[in-house]
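Step one of this worksheet: look at the structure below.
The values are calculated or read from the model by the stated rules, or taken from the named source; none is laboratory data. If you're wondering where the values come from, they're calculated on a predicted model, not measured in any experiment. Virtual Cβ from ideal backbone geometry, glycine too; neighbours counted across all protein chains shown. The accessibility values were calculated without ligands, DNA or RNA, using every heavy atom of the protein model including side chains. Shrake-Rupley method; radii C 1.70, N 1.55, O 1.52, S 1.80 Å.
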Amino acid sequence: MPEKLEEEYLGIIQDILDNEEFQTLKNFYHHNSSIYTHSLRVSYYSYKVAKVLELDHKAVARGGLLHDFFSYDWREYKKNKNNKNHGLEHPKTALKNARKHFQVTKKEEDIILKHMWPKVFGMPKFKESILVSMIDKYCATEEFYGGYKEFVQNKVKFFAQAS
Ligand SMILES: [Fe+2]
Ligand SMILES: [Fe+2]
């Protein structure tokens, strides 16, 4: 992801980035960074691919940014047996939060709700929803693997120093 993002892209999502509640996502660890960083990556890559495929780049930029709008650590959440399945529930939480703070279009709504597809029930209604769902899986895998690689490298370094 480039350090300097395109003016056009920033123009589409700046109000979300500036939102105080959305900023709290910086405090919650996700894969190997924060929910904020992960969401920004999903949004930006979806926007870039949508432009090439001539899809609705605004909807994927905004829907992608809001897809994981939940302000809690899901590892802690899962420890409480009273909490429902995070994987199935968090798209609904994200949509609720998105609606509370922003105007959400029908397409953005579907992008947020179906991003865990095919784990969630119901088919995505738009090509843009499928795109964000695929980019989310790509980013999550890359971020998780990146973190895992670092973890293994640190372990190897640790044992090499100890021996
Ligand atoms: Fe998610
Ligand atoms: Fe995600």
If you scan region 114-128, which residues turn out to be open to solvent by less than 20 Å² (accessible area, probe 1.4 Å) and within 13 Å of ligand 1 (Cβ to nearest atom)? His115, Val120
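Considering each residue of region 74-105, count those that are away from ligand 1 (no atom under 13 Å from the Cβ) and either open to solvent by 50 Å² or more (accessible area, probe 1.4 Å) or within 14 Å of the chain's Cα centre (by Cα) (or both), and give that number.
Looking only at that region, the number is 15.
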When the residues of region 17-37 are narrowed to those that are within 16 Å of ligand 1 (Cβ to nearest atom), in contact with a helix residue (DSSP H, G or I) (Cβ under 6 Å, 6 or more places away or on another chain) and not in a loop (DSSP other than H, G, I, E, B), which ends up farthest from Asp136 (Cα to Cα)? Phe22
Of the residues His101, His57, which is more than 21 Å from Ile130 (Cα to Cα) and at pLDDT 95 or above? His101
Within region 20-45, which residues are within 18 Å of Ala98 (Cβ to Cβ), touching an Asp or Glu at 6+ places or on another chain (Cβ under 8 Å) and among the small types (Gly, Ala, Ser)? Ser39
